[in-house]
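Student: First the structure, which I've put down as structure tokens, then a few questions once you've had a look.
The values are calculated or read from the model by the stated rules, or taken from the named source; none is laboratory data. The structure presented is a predicted model; accordingly, all values stated were derived computationally and were not measured. Here the Cβ positions follow ideal geometry from the backbone for every residue, glycine too, while neighbour counts run over all protein chains shown. Surface accessibility is based on the protein's heavy atoms, side chains included, excluding ligands, DNA and RNA. Shrake-Rupley method; radii C 1.70, N 1.55, O 1.52, S 1.80 Å.
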Amino acid sequence: MAKRSYTKTPMREQAPEVRNQNFDEVALGYTLEEGQLEASRCLQCKNAPCITNCPVMIDIPGFIKAIEEGDMPLAYEILSRYTNLPAICGRVCPQEKQCEMVCRLGRSKKFEPVAIGKLERLVADWALEQPVEYKEVTGDKGRVAVIGSGPSGLTAAGDLVKLGYDVTVYEALHAPGGVLTYGIPEFRLPKSTVKKEIERIVAQGVKIETNVVVGKTITMDEILSEFDACYLSVGAGAPRFQGIKGTSLNGVYSSSEYLTRVNLMHGYQFPTYDTPVQKSKNVVVIGGGNVAMDAARSAKRLGADKVSIVYRRSLEELPAREEEYHHSVEEGIEYHWLSNPVEYMDDGAGRLKAVKCVQMELGEPDESGRRRPIVIPGSEFIIEADTAIEAIGQGANKVLLDTFPELALNKWGYIDADEETCATSIPGVFAGGDIVTGAATVILAMGAGKIAANEIDQYIQKTR
């Protein structure tokens, strides 16, 4: 057992001047000894607030105690009771706003919170190196279809197969993973890690069929006739633009398109893959969330000389993870705070040459509780740019919804599903993740998947 420490154990990282030129993972992970040292900081609280502040209610003190004692099999066994994607959550979950935010050690104001996410990654990465045992599932409790193989769908599928169901996941793209595959860059979440996590879910008995567009390749009527229930987790990947003058110019992208080209279409492996990705000199990214960070940091790695993020609020309101923001600054990303684009300027040949912006000031809080940005008259300024990427959110994926008109939607065009049960307006059809909430975090989507699995189990047992 490691000697107790109250000083947070740092995680090794690539140097900024090296990593901003490659797509290799930035954070290098804990060794077992480093993990044990960090685990020794956990106070092992009774009624631990970190558990209740976790969307999937992981027994955090339990798996951390096992790490401290060097019992990695037990640590993984505890983690796997609650999550099917620990190596992913350990990397991309916003722990600083959830479990770590309420860590009692951190709230003492003398010390930093326990690095719960980094410890989760340690255990999960250890498990991914162990042999996979494939299980045969009888599925005698019923058949369930899961539409979409993102974090919510994978979580629901993994939990349902553990409960004894025959589960088939339908994925429209050629590779499973949803936003984990096409949205989050390699330097933050390696594709090999996603692949291994999915292989473990398949090993449990989940079947995944790719290149199946539900609503086109197979209809919802066919799904409902073949399965006892289904879970809709198709995400919210439709591009969204502000609609300002010049949006149609060559060089203006949605973050969805840009990151899909970089990630799913192997743009990050240029020149091995000759993916058509804009070769940029000056890039402007609009937005302040994790997607904006991903787009900006990807553009830098693809060779851009200058990358700027334009955000209409201040650093205090920035929704991106603190770690992603700090990494971006270290890598040379520049920021224009309290600014917003009003026009994409044409070079005369249909290509972007600059972004005209205005300065903002913060007024009264809006419906989100954040202070509303207000334009300062006469404050226009111009940023030279050959590429602009809008990362201002995403709309509902309409491919399935347009062919399933019976399904009730809310005023924003997302599926209207009960927050506590994930039930939709159609019996036996459940929904969760970004297609219900709009673009949110991986862990919140996973939380919905866990709720849905439990509710689907109860529904099928009542109706059989």
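Student: Can you count the Lys pairs in region 46-187 whose Cα atoms are under 25 Å apart, with each pair 8 or more apart or on different chains?
Tutor: Eligible lysine pairs with Cα atoms under 25 Å apart amount to 16.
Student: Hey, got a sec? Which trypsin sites (Lys or Arg not before Pro) in region 41-146 land in a DSSP loop and have at most 12 other Cβ atoms within 10 Å? Don't jump to the answer; show the numbers that get you there.
Tutor: Values: sites: ARG41, LYS46, LYS65, ARG81, ARG91, LYS97, ARG104, ARG107, LYS109, LYS110, LYS118, ARG121, LYS135, LYS141, ARG143; in loops: ARG41, LYS46, ARG104, LYS109, LYS110, LYS135, LYS141.
For trypsin sites (Lys or Arg not before Pro) across region 41-146 that sit outside H, G, I, E and B with at most 12 neighbouring Cβ atoms in 10 Å, the list reads LYS46, LYS109, LYS110, LYS135.
Student: Each residue of region 14-29 in order: what ³J(HN,Hα) in whole Hz does its phi give by Karplus 6.51 cos²θ - 1.76 cosθ + 1.60, θ = phi - 60°, with x for Gly and Pro?
Tutor: For region 14-29, the Karplus curve yields 5, 5, x, 6, 8, 5, 6, 10, 9, 9, 5, 4, 5, 7, 9, x Hz.
Student: What number, in percent, do you get for the relative contact order of region 155-308 if the mean sequence gap of Cα pairs under 8 Å and at least 6 apart is divided by its residue count? Display every interim value, and only then the final one.
Tutor: Working: 162 pairs, mean separation 34.0, N = 154.
It comes to 22 percent, rounded to a whole number.
Student: Based on alpha-carbon centroids, what's the gap between region 331-392 and region 77-122 in Å, whole number please?
Tutor: First find each Cα centre; the distance between them is then 35 Å.
Student: Given H placed 1.01 Å from N in the peptide plane, which residues other than close sequence neighbours of VAL169 have an amide H under 5 Å from its amide H?
Tutor: VAL146, LYS207, ILE208, GLU209
Student: Out of region 170-218, which trypsin sites (Lys or Arg not before Pro) are coil in DSSP terms and have no more than 13 other C-beta atoms within 10 Å? Walk me through the numbers on the way to the answer.
Tutor: Numbers: sites: ARG188, LYS191, LYS195, LYS196, ARG200, LYS207, LYS216; in loops: ARG188, LYS216.
The qualifying sites are LYS216.
Student: Summarise the accessible area of region 12-129 (1.4 Å probe, protein heavy atoms) by the percent that is carbon and sulfur.
Tutor: Values: 2600 of 4920 Å².
The C+S portion of the solvent-accessible surface of region 12-129 is 53 percent.
Student: Amide H of GLU343 versus every other amide H placed in the peptide plane: which residues, excluding those fewer than 5 positions away on the same chain, fall under 5 Å?
Tutor: LYS356
Student: Can you tell me the alpha carbon radius of gyration of the chain divided by the globular rule-of-thumb value 2.2 N^0.38 Å? Don't skip to the end; give the middle numbers.
Tutor: Details: Rg = 22.6 Å, N = 464, 2.2 N^0.38 = 22.7 Å.
The reported ratio for this selection is 1.00.
Student: Report ³J(HN,Hα) in whole Hz for each residue of region 287-298, in order, from the Karplus equation J = 6.51 cos²θ - 1.76 cosθ + 1.60 where θ = phi - 60°; Gly and Pro get x.
Tutor: Per residue, the Karplus-derived 3J(HN,Hα) values read x, x, x, 4, 5, 4, 4, 4, 5, 5, 5, 5 Hz.
Student: Let me ask you something else. Where nothing but the Cβ of Lys and Arg (+1) and of Asp and Glu (-1) is charged, how large is the charge dipole of region 244-366 around its Cα centre, in debye to the nearest 20?
Tutor: Numbers: 14 positive and 18 negative charges, 126 e Å.
About 600 debye.
Student: Compute the accessible area per residue over the chain, keeping the other protein chains in place, probe 1.4 Å, unit Å². Please report the intermediate quantities before stating the final value.
Tutor: Working: 20350 Å² over 464 residues.
Counting only protein heavy atoms, the per-residue value for the chain is 44 Å².
Student: Hey, can you rank 414-421, 284-291, 233-240, 147-154 by average C-beta count inside 10 Å, highest first?
Tutor: Numbers: 414-421: 16.9, 284-291: 25.4, 233-240: 22.5, 147-154: 31.2.
Top to bottom by mean Cβ count within 10 Å: 147-154, 284-291, 233-240, 414-421.
Student: Need one number for region 333-405: average projected area of the convex hull over its C-alpha atoms, nm².
Tutor: Numbers: hull surface 33.7 nm².
Result: a mean projected hull area of 8.4 nm².
Student: Straight-line reach from LYS306: which lysines have Cα under 22 Å away, leaving out those fewer than 8 places along the same chain?
Tutor: Qualifying lysines at Cα under 22 Å: LYS279, LYS281, LYS353, LYS356.
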